[in-house]
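Enquirer: One structure follows; several queries about it will come next.
The values are calculated or read from the model by the stated rules, or taken from the named source; none is laboratory data. Predicted model, so just to flag it, every value in this text is computed and none were measured. So basically every Cβ, Gly included, is an ideal-geometry build from the backbone, and we count neighbours across all protein chains shown. With ligands, DNA and RNA removed, areas are computed over all heavy atoms of the protein, side chains included. Shrake-Rupley method; radii C 1.70, N 1.55, O 1.52, S 1.80 Å.
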Amino acid sequence: MTISATPVGTRFTGPYYVRGEDGYEAARLARIFSTRHPKRYPAAILVPHTEQDIIEGVRLAQEQGWQVGVRAGGHSFPVWGMRDNALLIDLGEFKEMEYDHETHIVSVTPAVQGGVELNTYLQPHGRFFAGGRCPTVGVGGFLLQGGIGWNFRGWGWAVERLVAIDVVTAAGELVRADESQNADLFWAARGCGPGFPGLITRFHIHTRAIPQALTTTKQFFPIERYAEVLAWLNEAQKAMPKDNDLLGISFQPDFEIPGHSGGYVFGISATAYCDTAEEAQTILAPLADNPFLTDALLVVPPTPTTLADEYAFVDAAHPAGYRYRVESAWVDGPHTDIASALKMLVAERPIHEKGYTFFQYALPIDGPDIAMSMRTDLMVGAYIIYSNPEDDEHYRQWALDAMKPLEPYSVGQYWGDSDQEHREVRCLTDEAWSRVRDVRRAWDPDQRFVDYLAGPDGYQNRNGWQEA
Ligand SMILES: Cc1cc2nc3c(=O)[nH]c(=O)nc-3n(C[C@H](O)[C@H](O)[C@H](O)COP(=O)(O)OP(=O)(O)OC[C@H]3O[C@@H](n4cnc5c(N)ncnc54)[C@H](O)[C@@H]3O)c2cc1C
(Lines give C-alpha, C1' and ligand atoms only; values in the text may rest on other atoms or scores of the structure.)
Protein backbone atom coordinates (compact mmCIF):
# COMPACT_ATOMS: atom_id res chain seq x y z
CA MET A 1 0.00 0.00 0.00
CA THR A 2 1.33 3.48 -0.85
CA ILE A 3 1.38 5.84 2.07
CA SER A 4 -0.19 9.18 1.28
CA ALA A 5 2.08 12.03 0.35
CA THR A 6 -0.48 14.54 1.62
CA PRO A 7 1.27 16.97 4.03
CA VAL A 8 -1.32 16.35 6.75
CA GLY A 9 -0.05 12.75 6.70
CA THR A 10 2.97 13.84 8.74
CA ARG A 11 0.57 14.49 11.62
CA PHE A 12 0.06 10.74 12.03
CA THR A 13 2.31 7.74 12.55
CA GLY A 14 -0.15 5.56 10.59
CA PRO A 15 -1.17 5.88 6.93
CA TYR A 16 -3.57 8.60 5.83
CA TYR A 17 -5.26 8.70 2.41
CA VAL A 18 -7.28 11.43 0.77
CA ARG A 19 -9.90 10.44 -1.79
CA GLY A 20 -8.35 10.15 -5.23
CA GLU A 21 -4.86 9.37 -3.97
CA ASP A 22 -2.89 6.17 -4.46
CA GLY A 23 -3.87 3.59 -1.90
CA TYR A 24 -7.25 5.17 -1.11
CA GLU A 25 -9.41 2.52 -2.77
CA ALA A 26 -7.52 -0.39 -1.18
CA ALA A 27 -7.83 1.33 2.20
CA ARG A 28 -11.55 1.97 1.63
CA LEU A 29 -12.23 -1.74 1.13
CA ALA A 30 -9.61 -3.14 3.51
CA ARG A 31 -10.75 -5.99 5.79
CA ILE A 32 -14.46 -5.69 4.89
CA PHE A 33 -15.78 -9.20 5.45
CA SER A 34 -18.82 -9.32 3.13
CA THR A 35 -17.87 -8.57 -0.47
CA ARG A 36 -21.17 -6.73 -1.04
CA HIS A 37 -19.20 -3.48 -0.85
CA PRO A 38 -21.18 -0.25 -0.59
CA LYS A 39 -20.62 2.64 -2.97
CA ARG A 40 -19.86 5.15 -0.24
CA TYR A 41 -16.73 7.29 -0.39
CA PRO A 42 -15.12 8.89 2.67
CA ALA A 43 -13.29 12.19 2.17
CA ALA A 44 -10.21 10.61 3.73
CA ILE A 45 -9.10 7.46 5.54
CA LEU A 46 -6.83 7.34 8.56
CA VAL A 47 -5.25 4.07 9.69
CA PRO A 48 -3.94 5.01 13.15
CA HIS A 49 -1.09 3.22 14.85
CA THR A 50 -1.52 4.88 18.24
CA GLU A 51 -4.13 6.42 20.51
CA GLN A 52 -2.56 9.81 19.77
CA ASP A 53 -3.18 9.25 16.02
CA ILE A 54 -6.86 8.72 16.83
CA ILE A 55 -7.05 11.90 18.89
CA GLU A 56 -5.38 13.81 16.06
CA GLY A 57 -7.78 12.22 13.58
CA VAL A 58 -10.84 13.44 15.47
CA ARG A 59 -9.27 16.90 15.75
CA LEU A 60 -8.52 16.93 12.02
CA ALA A 61 -12.17 16.05 11.32
CA GLN A 62 -13.19 18.98 13.50
CA GLU A 63 -10.93 21.34 11.57
CA GLN A 64 -12.19 20.06 8.22
CA GLY A 65 -15.85 19.95 9.23
CA TRP A 66 -15.99 16.20 8.55
CA GLN A 67 -17.91 13.57 10.43
CA VAL A 68 -16.03 10.51 11.68
CA GLY A 69 -16.91 6.89 10.86
CA VAL A 70 -15.15 3.94 12.50
CA ARG A 71 -14.02 0.53 11.28
CA ALA A 72 -12.85 -2.01 13.84
CA GLY A 73 -13.05 -5.67 12.78
CA GLY A 74 -14.78 -4.86 9.46
CA HIS A 75 -17.56 -7.42 9.91
CA SER A 76 -20.70 -5.28 9.95
CA PHE A 77 -22.73 -6.43 6.97
CA PRO A 78 -23.90 -2.93 5.89
CA VAL A 79 -20.33 -1.61 6.49
CA TRP A 80 -21.69 0.97 8.90
CA GLY A 81 -18.51 3.00 9.37
CA MET A 82 -17.95 3.85 5.70
CA ARG A 83 -19.73 7.13 4.89
CA ASP A 84 -19.66 9.65 2.10
CA ASN A 85 -17.48 12.71 2.75
CA ALA A 86 -16.53 11.67 6.29
CA LEU A 87 -13.19 10.72 7.78
CA LEU A 88 -13.02 6.93 8.07
CA ILE A 89 -10.81 5.90 10.99
CA ASP A 90 -9.84 2.28 10.34
CA LEU A 91 -8.41 0.74 13.51
CA GLY A 92 -7.00 -2.33 11.71
CA GLU A 93 -3.36 -1.47 12.40
CA PHE A 94 -3.89 -0.55 16.04
CA LYS A 95 -4.04 -3.95 17.72
CA GLU A 96 -3.00 -4.35 21.36
CA MET A 97 -3.91 -6.83 24.10
CA GLU A 98 -2.82 -6.83 27.72
CA TYR A 99 -3.97 -9.32 30.36
CA ASP A 100 -3.82 -8.61 34.10
CA HIS A 101 -3.26 -11.85 36.06
CA GLU A 102 -4.63 -10.44 39.30
CA THR A 103 -7.88 -8.95 38.08
CA HIS A 104 -8.38 -11.32 35.10
CA ILE A 105 -9.16 -8.22 33.05
CA VAL A 106 -7.91 -8.00 29.50
CA SER A 107 -7.48 -4.60 27.85
CA VAL A 108 -7.95 -4.86 24.13
CA THR A 109 -8.19 -2.52 21.16
CA PRO A 110 -11.34 -2.67 18.99
CA ALA A 111 -10.03 -4.26 15.78
CA VAL A 112 -8.69 -7.32 17.58
CA GLN A 113 -10.56 -10.42 16.41
CA GLY A 114 -12.41 -12.02 19.34
CA GLY A 115 -11.59 -15.63 18.48
CA VAL A 116 -8.51 -15.86 16.28
CA GLU A 117 -6.57 -13.20 18.16
CA LEU A 118 -7.99 -12.49 21.61
CA ASN A 119 -8.80 -16.05 22.63
CA THR A 120 -5.50 -17.33 21.23
CA TYR A 121 -3.77 -14.73 23.41
CA LEU A 122 -5.82 -15.61 26.51
CA GLN A 123 -5.64 -19.40 26.14
CA PRO A 124 -2.25 -19.91 27.88
CA HIS A 125 -3.68 -18.00 30.85
CA GLY A 126 -6.60 -20.46 31.06
CA ARG A 127 -9.02 -17.62 30.30
CA PHE A 128 -11.34 -16.73 27.47
CA PHE A 129 -13.68 -14.09 26.08
CA ALA A 130 -17.19 -15.24 25.17
CA GLY A 131 -17.05 -13.35 21.89
CA GLY A 132 -18.81 -13.90 18.57
CA ARG A 133 -19.03 -17.49 17.44
CA CYS A 134 -17.33 -16.50 14.19
CA PRO A 135 -13.65 -16.22 15.26
CA THR A 136 -12.79 -13.24 13.06
CA VAL A 137 -15.48 -10.82 14.30
CA GLY A 138 -13.92 -7.64 15.76
CA VAL A 139 -14.30 -6.91 19.44
CA GLY A 140 -15.39 -3.29 18.73
CA GLY A 141 -18.62 -3.63 16.75
CA PHE A 142 -19.50 -6.87 18.54
CA LEU A 143 -19.42 -5.41 22.05
CA LEU A 144 -21.10 -2.14 21.08
CA GLN A 145 -24.15 -4.04 19.91
CA GLY A 146 -24.34 -6.19 23.08
CA GLY A 147 -22.68 -9.29 21.70
CA ILE A 148 -24.23 -12.72 21.24
CA GLY A 149 -21.31 -14.97 22.08
CA TRP A 150 -20.63 -18.44 23.44
CA ASN A 151 -23.28 -19.63 25.90
CA PHE A 152 -25.42 -16.55 25.31
CA ARG A 153 -28.37 -18.46 26.73
CA GLY A 154 -26.61 -18.94 30.06
CA TRP A 155 -24.39 -15.88 30.31
CA GLY A 156 -26.39 -13.22 28.50
CA TRP A 157 -24.85 -10.37 26.54
CA ALA A 158 -21.08 -10.57 26.16
CA VAL A 159 -20.85 -6.87 26.98
CA GLU A 160 -22.05 -7.56 30.53
CA ARG A 161 -18.39 -8.50 31.19
CA LEU A 162 -17.15 -5.05 30.18
CA VAL A 163 -15.70 -3.12 33.13
CA ALA A 164 -14.48 0.07 31.44
CA ILE A 165 -13.75 1.76 28.13
CA ASP A 166 -11.32 4.44 26.97
CA VAL A 167 -12.95 6.87 24.57
CA VAL A 168 -11.82 9.69 22.32
CA THR A 169 -14.71 12.13 22.56
CA ALA A 170 -16.10 14.49 19.95
CA ALA A 171 -14.02 17.20 21.64
CA GLY A 172 -10.88 15.21 20.79
CA GLU A 173 -10.12 14.22 24.39
CA LEU A 174 -9.33 10.79 25.79
CA VAL A 175 -11.57 9.82 28.74
CA ARG A 176 -12.22 6.69 30.80
CA ALA A 177 -15.85 5.58 31.24
CA ASP A 178 -17.03 2.99 33.75
CA GLU A 179 -19.69 2.63 36.46
CA SER A 180 -18.22 5.48 38.50
CA GLN A 181 -17.11 8.04 35.90
CA ASN A 182 -18.81 9.09 32.68
CA ALA A 183 -21.32 6.38 33.52
CA ASP A 184 -23.82 7.46 30.84
CA LEU A 185 -21.22 6.88 28.14
CA PHE A 186 -20.37 3.49 29.65
CA TRP A 187 -24.06 2.57 29.75
CA ALA A 188 -24.49 3.50 26.06
CA ALA A 189 -21.39 1.56 24.99
CA ARG A 190 -23.05 -1.60 26.24
CA GLY A 191 -25.53 -2.03 23.42
CA CYS A 192 -26.21 1.25 21.62
CA GLY A 193 -24.87 -0.34 18.43
CA PRO A 194 -23.37 1.57 15.50
CA GLY A 195 -24.22 5.06 16.72
CA PHE A 196 -21.85 5.49 19.65
CA PRO A 197 -20.98 9.18 20.22
CA GLY A 198 -17.22 8.72 20.48
CA LEU A 199 -14.41 6.43 19.40
CA ILE A 200 -13.53 3.68 21.85
CA THR A 201 -9.79 3.04 21.83
CA ARG A 202 -9.75 0.24 24.39
CA PHE A 203 -12.20 -2.19 25.99
CA HIS A 204 -11.40 -3.54 29.48
CA ILE A 205 -13.12 -6.90 29.76
CA HIS A 206 -13.44 -9.32 32.66
CA THR A 207 -12.42 -12.67 31.14
CA ARG A 208 -13.87 -16.08 32.05
CA ALA A 209 -12.09 -19.29 33.02
CA ILE A 210 -12.05 -21.77 30.11
CA PRO A 211 -14.67 -24.45 30.89
CA GLN A 212 -12.85 -27.73 31.51
CA ALA A 213 -15.55 -30.12 30.31
CA LEU A 214 -17.04 -28.47 27.23
CA THR A 215 -19.35 -31.17 25.84
CA THR A 216 -21.65 -31.14 22.84
CA THR A 217 -24.52 -33.21 21.48
CA LYS A 218 -26.31 -32.86 18.14
CA GLN A 219 -29.54 -34.16 16.64
CA PHE A 220 -30.49 -33.95 12.95
CA PHE A 221 -34.01 -34.35 11.53
CA PRO A 222 -35.59 -34.37 8.07
CA ILE A 223 -36.46 -30.77 7.23
CA GLU A 224 -40.18 -31.65 6.98
CA ARG A 225 -40.17 -32.28 10.73
CA TYR A 226 -38.78 -28.85 11.67
CA ALA A 227 -42.06 -27.38 12.97
CA GLU A 228 -42.74 -30.19 15.45
CA VAL A 229 -39.15 -30.42 16.68
CA LEU A 230 -38.91 -26.65 17.01
CA ALA A 231 -42.20 -26.37 18.89
CA TRP A 232 -40.92 -28.97 21.38
CA LEU A 233 -37.54 -27.28 21.74
CA ASN A 234 -39.04 -23.80 22.21
CA GLU A 235 -41.09 -25.03 25.14
CA ALA A 236 -38.65 -27.56 26.63
CA GLN A 237 -35.65 -25.19 26.64
CA LYS A 238 -37.30 -22.99 29.26
CA ALA A 239 -36.66 -25.67 31.89
CA MET A 240 -33.21 -26.73 30.66
CA PRO A 241 -30.12 -25.82 32.73
CA LYS A 242 -28.75 -22.40 31.89
CA ASP A 243 -25.25 -23.51 30.95
CA ASN A 244 -26.66 -25.35 27.96
CA ASP A 245 -25.80 -23.26 24.89
CA LEU A 246 -28.69 -24.29 22.69
CA LEU A 247 -29.20 -23.61 18.99
CA GLY A 248 -31.60 -24.79 16.31
CA ILE A 249 -30.40 -24.68 12.72
CA SER A 250 -31.67 -25.36 9.20
CA PHE A 251 -28.70 -26.05 6.93
CA GLN A 252 -27.29 -28.25 4.17
CA PRO A 253 -24.78 -30.60 5.81
CA ASP A 254 -21.36 -31.00 4.21
CA PHE A 255 -20.94 -34.33 6.00
CA GLU A 256 -22.71 -37.60 5.40
CA ILE A 257 -25.99 -38.29 7.16
CA PRO A 258 -27.39 -41.78 6.57
CA GLY A 259 -30.75 -41.67 4.79
CA HIS A 260 -30.34 -38.03 3.75
CA SER A 261 -29.93 -37.54 0.04
CA GLY A 262 -29.20 -33.81 -0.04
CA GLY A 263 -30.83 -30.48 0.71
CA TYR A 264 -31.64 -28.98 4.08
CA VAL A 265 -31.94 -30.74 7.44
CA PHE A 266 -33.06 -29.33 10.77
CA GLY A 267 -30.54 -29.72 13.58
CA ILE A 268 -30.28 -29.08 17.29
CA SER A 269 -26.89 -28.33 18.82
CA ALA A 270 -26.50 -28.27 22.59
CA THR A 271 -23.19 -27.52 24.30
CA ALA A 272 -22.59 -27.75 28.03
CA TYR A 273 -20.35 -25.05 29.56
CA CYS A 274 -19.03 -26.68 32.71
CA ASP A 275 -15.98 -28.17 34.41
CA THR A 276 -16.82 -31.85 34.98
CA ALA A 277 -18.18 -34.71 32.90
CA GLU A 278 -20.93 -35.25 35.51
CA GLU A 279 -22.14 -31.67 35.18
CA ALA A 280 -22.12 -32.01 31.39
CA GLN A 281 -24.26 -35.13 31.62
CA THR A 282 -26.83 -33.33 33.79
CA ILE A 283 -26.87 -30.23 31.59
CA LEU A 284 -27.42 -32.18 28.37
CA ALA A 285 -29.76 -34.86 29.77
CA PRO A 286 -33.03 -33.09 28.77
CA LEU A 287 -32.10 -33.42 25.10
CA ALA A 288 -32.61 -37.17 25.42
CA ASP A 289 -36.29 -36.44 26.19
CA ASN A 290 -36.90 -35.10 22.69
CA PRO A 291 -40.04 -37.04 21.67
CA PHE A 292 -38.97 -36.95 18.00
CA LEU A 293 -35.66 -38.73 18.53
CA THR A 294 -36.93 -41.90 16.87
CA ASP A 295 -37.39 -39.87 13.66
CA ALA A 296 -33.89 -38.39 13.80
CA LEU A 297 -31.58 -38.94 10.83
CA LEU A 298 -28.56 -38.79 13.10
CA VAL A 299 -27.90 -38.31 16.82
CA VAL A 300 -24.41 -37.44 18.01
CA PRO A 301 -24.32 -38.36 21.72
CA PRO A 302 -22.66 -36.03 24.25
CA THR A 303 -19.02 -35.77 23.19
CA PRO A 304 -16.14 -33.71 24.65
CA THR A 305 -15.23 -30.74 22.49
CA THR A 306 -12.93 -27.71 22.60
CA LEU A 307 -13.37 -24.05 21.89
CA ALA A 308 -11.02 -24.48 18.92
CA ASP A 309 -13.26 -27.21 17.46
CA GLU A 310 -16.37 -25.09 17.94
CA TYR A 311 -14.70 -22.09 16.29
CA ALA A 312 -13.54 -24.25 13.38
CA PHE A 313 -17.11 -25.47 12.82
CA VAL A 314 -18.53 -21.93 12.80
CA ASP A 315 -15.66 -20.56 10.73
CA ALA A 316 -16.29 -23.15 8.01
CA ALA A 317 -19.92 -22.04 7.85
CA HIS A 318 -18.89 -18.41 7.21
CA PRO A 319 -16.45 -18.40 4.30
CA ALA A 320 -14.67 -15.15 3.49
CA GLY A 321 -14.90 -13.71 -0.03
CA TYR A 322 -18.69 -14.02 -0.34
CA ARG A 323 -21.63 -11.65 -0.34
CA TYR A 324 -23.81 -11.92 2.77
CA ARG A 325 -27.52 -11.10 3.11
CA VAL A 326 -28.55 -11.43 6.73
CA GLU A 327 -31.83 -11.00 8.61
CA SER A 328 -33.15 -11.77 12.07
CA ALA A 329 -35.99 -11.12 14.50
CA TRP A 330 -36.61 -11.50 18.20
CA VAL A 331 -39.98 -13.24 18.16
CA ASP A 332 -42.77 -13.71 20.65
CA GLY A 333 -46.09 -15.54 20.32
CA PRO A 334 -47.65 -19.01 20.09
CA HIS A 335 -44.89 -21.43 19.10
CA THR A 336 -46.97 -23.36 16.61
CA ASP A 337 -47.95 -20.13 14.79
CA ILE A 338 -44.34 -18.98 14.74
CA ALA A 339 -43.21 -22.35 13.40
CA SER A 340 -45.71 -22.07 10.49
CA ALA A 341 -44.60 -18.51 9.77
CA LEU A 342 -41.04 -19.77 9.42
CA LYS A 343 -41.65 -22.11 6.51
CA MET A 344 -39.87 -20.08 3.84
CA LEU A 345 -36.96 -19.21 6.13
CA VAL A 346 -36.38 -22.79 7.23
CA ALA A 347 -37.59 -25.18 4.56
CA GLU A 348 -37.67 -23.12 1.37
CA ARG A 349 -34.22 -21.56 1.47
CA PRO A 350 -32.20 -21.03 -1.74
CA ILE A 351 -30.93 -24.53 -2.45
CA HIS A 352 -27.86 -23.60 -4.51
CA GLU A 353 -26.32 -21.17 -2.06
CA LYS A 354 -24.51 -21.50 1.25
CA GLY A 355 -26.08 -20.29 4.46
CA TYR A 356 -28.51 -21.33 7.13
CA THR A 357 -31.38 -20.26 9.36
CA PHE A 358 -30.68 -20.35 13.08
CA PHE A 359 -32.63 -20.24 16.33
CA GLN A 360 -30.92 -18.59 19.26
CA TYR A 361 -32.47 -19.08 22.69
CA ALA A 362 -32.36 -16.62 25.58
CA LEU A 363 -33.40 -16.87 29.21
CA PRO A 364 -35.07 -14.00 31.10
CA ILE A 365 -32.78 -10.99 31.57
CA ASP A 366 -30.98 -10.87 34.88
CA GLY A 367 -28.04 -8.59 34.21
CA PRO A 368 -26.83 -5.02 34.72
CA ASP A 369 -28.61 -1.94 33.39
CA ILE A 370 -27.16 -1.59 29.89
CA ALA A 371 -28.33 -0.03 26.63
CA MET A 372 -28.95 -3.42 25.04
CA SER A 373 -32.23 -4.61 26.46
CA MET A 374 -34.09 -5.79 23.37
CA ARG A 375 -34.74 -9.50 23.40
CA THR A 376 -37.35 -12.21 23.76
CA ASP A 377 -36.69 -15.87 24.51
CA LEU A 378 -36.12 -16.69 20.83
CA MET A 379 -34.25 -15.12 17.96
CA VAL A 380 -34.63 -16.37 14.40
CA GLY A 381 -31.90 -15.40 11.97
CA ALA A 382 -31.06 -16.24 8.38
CA TYR A 383 -27.81 -16.00 6.42
CA ILE A 384 -27.67 -16.26 2.63
CA ILE A 385 -24.07 -16.54 1.43
CA TYR A 386 -23.58 -16.15 -2.31
CA SER A 387 -21.10 -14.87 -4.84
CA ASN A 388 -22.86 -13.36 -7.86
CA PRO A 389 -23.42 -9.57 -7.61
CA GLU A 390 -26.35 -9.96 -9.98
CA ASP A 391 -28.18 -11.86 -7.24
CA ASP A 392 -28.04 -8.96 -4.77
CA GLU A 393 -31.54 -7.69 -5.46
CA HIS A 394 -33.01 -11.18 -5.72
CA TYR A 395 -31.73 -12.19 -2.28
CA ARG A 396 -32.58 -8.81 -0.75
CA GLN A 397 -36.16 -9.38 -1.86
CA TRP A 398 -36.07 -13.03 -0.79
CA ALA A 399 -35.06 -11.98 2.71
CA LEU A 400 -37.86 -9.39 2.89
CA ASP A 401 -40.43 -11.93 1.67
CA ALA A 402 -39.19 -14.61 4.06
CA MET A 403 -39.33 -12.27 7.08
CA LYS A 404 -42.81 -10.93 6.25
CA PRO A 405 -44.87 -13.81 7.72
CA LEU A 406 -42.88 -13.39 10.94
CA GLU A 407 -43.75 -9.71 11.34
CA PRO A 408 -46.85 -10.28 13.54
CA TYR A 409 -44.55 -12.05 16.03
CA SER A 410 -41.45 -9.85 15.60
CA VAL A 411 -40.66 -7.60 18.54
CA GLY A 412 -37.39 -6.30 17.17
CA GLN A 413 -34.01 -7.28 15.83
CA TYR A 414 -30.38 -7.67 16.85
CA TRP A 415 -28.00 -4.95 15.61
CA GLY A 416 -25.58 -7.56 14.29
CA ASP A 417 -28.05 -8.77 11.67
CA SER A 418 -29.69 -5.47 10.90
CA ASP A 419 -29.49 -3.32 7.80
CA GLN A 420 -31.81 -0.40 8.44
CA GLU A 421 -31.51 0.88 4.87
CA HIS A 422 -33.04 -2.36 3.69
CA ARG A 423 -35.55 -3.13 6.49
CA GLU A 424 -36.54 -0.83 9.31
CA VAL A 425 -36.57 -2.76 12.58
CA ARG A 426 -36.41 -1.74 16.23
CA CYS A 427 -33.13 -2.74 17.91
CA LEU A 428 -33.59 -1.10 21.33
CA THR A 429 -36.45 -0.76 23.78
CA ASP A 430 -38.15 2.66 23.64
CA GLU A 431 -36.69 3.58 27.02
CA ALA A 432 -33.15 2.64 25.99
CA TRP A 433 -33.50 4.50 22.69
CA SER A 434 -34.59 7.65 24.49
CA ARG A 435 -31.56 7.41 26.82
CA VAL A 436 -29.19 6.71 23.92
CA ARG A 437 -30.39 9.88 22.21
CA ASP A 438 -29.74 11.86 25.42
CA VAL A 439 -26.22 10.46 25.66
CA ARG A 440 -25.56 11.28 22.00
CA ARG A 441 -26.77 14.85 22.48
CA ALA A 442 -24.67 15.29 25.62
CA TRP A 443 -21.40 13.87 24.25
CA ASP A 444 -21.63 14.79 20.59
CA PRO A 445 -23.83 17.89 20.22
CA ASP A 446 -22.40 18.73 16.78
CA GLN A 447 -22.71 15.15 15.50
CA ARG A 448 -19.00 14.74 14.88
CA PHE A 449 -19.52 10.97 14.82
CA VAL A 450 -21.75 9.54 12.12
CA ASP A 451 -25.35 8.72 13.00
CA TYR A 452 -26.94 5.29 12.57
CA LEU A 453 -26.98 4.28 8.92
CA ALA A 454 -30.64 4.13 7.89
CA GLY A 455 -33.14 5.15 5.22
CA PRO A 456 -34.19 8.72 4.32
CA ASP A 457 -35.90 9.37 7.71
CA GLY A 458 -32.85 8.28 9.69
CA TYR A 459 -32.91 5.59 12.33
CA GLN A 460 -36.16 5.83 14.31
CA ASN A 461 -36.00 2.62 16.36
CA ARG A 462 -39.30 1.40 14.97
CA ASN A 463 -40.66 -1.58 13.09
CA GLY A 464 -41.37 -0.25 9.61
CA TRP A 465 -44.35 -2.53 9.01
CA GLN A 466 -46.13 -1.21 12.11
CA GLU A 467 -45.94 2.37 10.82
CA ALA A 468 -47.54 1.56 7.46
C1 LIG B 1 -19.41 -14.07 9.62
C2 LIG B 1 -20.02 -13.27 10.73
C3 LIG B 1 -20.43 -13.91 11.89
C4 LIG B 1 -20.98 -13.18 12.93
N5 LIG B 1 -21.31 -13.82 14.09
C6 LIG B 1 -21.76 -13.11 15.14
C7 LIG B 1 -22.02 -13.73 16.40
O8 LIG B 1 -21.82 -14.93 16.59
N9 LIG B 1 -22.50 -12.95 17.40
C10 LIG B 1 -22.72 -11.62 17.24
O11 LIG B 1 -23.13 -10.96 18.18
N12 LIG B 1 -22.47 -11.01 16.07
C13 LIG B 1 -22.01 -11.72 15.03
N14 LIG B 1 -21.75 -11.09 13.84
C15 LIG B 1 -22.10 -9.68 13.70
C16 LIG B 1 -20.95 -8.80 14.15
O17 LIG B 1 -20.74 -8.93 15.53
C18 LIG B 1 -21.26 -7.34 13.85
O19 LIG B 1 -21.34 -7.17 12.47
C20 LIG B 1 -20.23 -6.39 14.45
O21 LIG B 1 -20.62 -5.06 14.20
C22 LIG B 1 -18.87 -6.61 13.87
O23 LIG B 1 -17.94 -5.84 14.55
P24 LIG B 1 -16.64 -5.37 13.78
O25 LIG B 1 -15.86 -4.53 14.69
O26 LIG B 1 -15.98 -6.56 13.18
O27 LIG B 1 -17.29 -4.53 12.59
P28 LIG B 1 -17.06 -3.05 12.05
O29 LIG B 1 -17.79 -3.02 10.76
O30 LIG B 1 -15.63 -2.71 12.02
O31 LIG B 1 -17.76 -2.14 13.11
C32 LIG B 1 -19.14 -1.99 13.13
C33 LIG B 1 -19.52 -0.65 13.70
O34 LIG B 1 -19.34 -0.64 15.11
C35 LIG B 1 -18.99 0.67 15.52
N36 LIG B 1 -17.66 0.62 16.13
C37 LIG B 1 -16.78 -0.40 16.05
N38 LIG B 1 -15.69 -0.11 16.78
C39 LIG B 1 -15.89 1.10 17.32
C40 LIG B 1 -15.12 1.92 18.19
N41 LIG B 1 -13.94 1.52 18.61
N42 LIG B 1 -15.62 3.11 18.57
C43 LIG B 1 -16.84 3.51 18.13
N44 LIG B 1 -17.61 2.78 17.31
C45 LIG B 1 -17.14 1.58 16.90
C46 LIG B 1 -18.99 1.55 14.31
O47 LIG B 1 -20.27 2.13 14.18
C48 LIG B 1 -18.73 0.54 13.21
O49 LIG B 1 -19.16 0.99 11.95
C50 LIG B 1 -21.17 -11.79 12.79
C51 LIG B 1 -20.76 -11.15 11.62
C52 LIG B 1 -20.18 -11.88 10.61
C53 LIG B 1 -19.71 -11.18 9.36
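Enquirer: Which three numbers, in whole Å and largest first, are the semi-axes of the equivalent ellipsoid of the chain derived from its Cα gyration tensor as √(5λ)?
Expert: So the three semi-axes of the chain are 37, 25, 21 Å.
Enquirer: Per residue, how much accessible area does the range 7-93 show when a 1.4 Å probe rolls over the protein heavy atoms, in square angstrom?
Expert: Ligands and nucleic acids excluded, the result is 37 Å² per residue.
Enquirer: So, one more: Eight or more residues apart or on different chains, and alpha-carbon atoms under 23 Å: count the Lys pairs in the chain matching that.
Expert: Value for the chain: 7.
Enquirer: Let me ask something else about it. If exposed means no more than 15 neighbouring beta carbons inside 10 Å and the site is in a DSSP loop, what's the longest run of the chain without any exposed GluC sites (Glu not before Pro)?
Expert: Excluding the exposed sites themselves, the longest stretch runs over 1-95.
Enquirer: Let me ask something else about it. Could you order 373, 261, 340 by accessible surface area, starting with the largest, using a probe radius of 1.4 Å?
Expert: Largest accessible area first, the residues go 261, 340, 373.
Enquirer: Along the Cα→Cβ direction, 7 angstrom out, place labels at residue 22 and residue 306. What is the inter-label distance in nm?
Expert: My value for the distance between the label points is 4.5 nm.
Enquirer: Here's something else I'd like to know. For the range 97-210, which whole-number percentage of the solvent-accessible area (1.4 Å probe, protein heavy atoms only) is attributable to carbon and sulfur atoms?
Expert: It is 50 percent, rounded to a whole number.
Enquirer: Each residue of the range 145-157 in order: what ³J(HN,Hα) in whole Hz does its phi give by Karplus 6.51 cos²θ - 1.76 cosθ + 1.60, θ = phi - 60°, with x for Gly and Pro?
Expert: 8, x, x, 9, x, 4, 6, 4, 4, x, 9, x, 5
Enquirer: Also, quick follow-up: Taking only protein heavy atoms into account and a 1.4 Å probe, give the accessible area per residue of the range 97-210 in Å².
Expert: 29 Å²
Enquirer: Report the extension gain between residue 93 and residue 289 in nm, rounded to one decimal, defined as 0.36 nm multiplied by the number of residues separating them, less their alpha carbon distance.
Expert: Net length gain for the segment: 65.6 nm.
Enquirer: May I ask you to give the percent of accessible area on the range 363-460 that is carbon plus sulfur, with a probe radius of 1.4 Å?
Expert: With neighbouring chains kept in place, the figure for the range 363-460 is 45 percent.
Enquirer: Which angle from 0 to 90°, rounded to the nearest 10, does the C-alpha axis of helix 226-236 make with the longest principal axis of the chain?
Expert: Approximately 80 degrees, to the nearest ten.
Enquirer: To one decimal place, what Kirkwood hydrodynamic radius in Å is obtained for the range 215-417 from all pairs of distinct Cα atoms?
Expert: The Cα-based Kirkwood calculation yields 17.8 Å.
Enquirer: If you roll a 1.4 Å probe over the heavy atoms of the protein chains, what accessible area per residue do you get for the range 215-417, in Å²?
Expert: Computed with neighbouring chains in place, this is 42 Å² per residue.
Enquirer: If you add up the charges near residue 104, with Lys and Arg at +1 and Asp and Glu at -1, over every other residue whose beta carbon is less than 12 angstrom from its beta carbon, what do you get?
Expert: Neighbour charge sum, excluding residue 104 itself: +1.
Enquirer: How large is Rg over Rh for the range 7-93, taking Rg from the Cα atoms and Rh as the Kirkwood inverse mean of 1/r across Cα pairs?
Expert: Radius of gyration relative to Kirkwood radius: 0.93.
Enquirer: If you don't mind, there's one more thing I want to ask. Could you work out Rg/(2.2 N^0.38 Å) for the range 356-468, with Rg from alpha carbons only?
Expert: 1.19
Enquirer: Let me ask something else about it. For the range 323-331, just list the computed ³J(HN,Hα) in residue order, Karplus coefficients 6.51, -1.76 and 1.60, θ = phi - 60°, integers in Hz, with x standing in for Gly and Pro.
Expert: Once rounded to whole Hz, the list reads 8, 10, 10, 10, 9, 7, 7, 7, 10.
Enquirer: If N is the number of residues in the range 58-158, what value comes out of its Cα radius of gyration divided by 2.2 N^0.38 Å?
Expert: 1.20
Enquirer: If the viscosity is 0.692 mPa s and the temperature 37 °C, what Stokes-Einstein diffusion coefficient in µm²/s follows for the range 97-210 when Rh is the Kirkwood radius over Cα pairs?
Expert: 236 µm²/s
Enquirer: All other residues with a Cβ under 15 Å from the Cβ of residue 420 taken together, and with Lys, Arg as +1 and Asp, Glu as -1, what is their net charge?
Expert: -1
Enquirer: Additional query: Along the range 430-445, what does the Karplus equation 6.51 cos²θ - 1.76 cosθ + 1.60 (θ = phi - 60°) give for ³J(HN,Hα), rounded to whole Hz, x for Gly and Pro?
Expert: So the Karplus estimates, Gly and Pro as x, are 4, 5, 5, 4, 5, 5, 4, 5, 4, 5, 4, 5, 5, 9, 9, x Hz.
Enquirer: Taking all protein chains as present, what is the carbon and sulfur share of the accessible area of the range 7-93, in % to the nearest whole number, probe 1.4 Å?
Expert: After summing per-atom areas, the C and S share lands at 50 percent.
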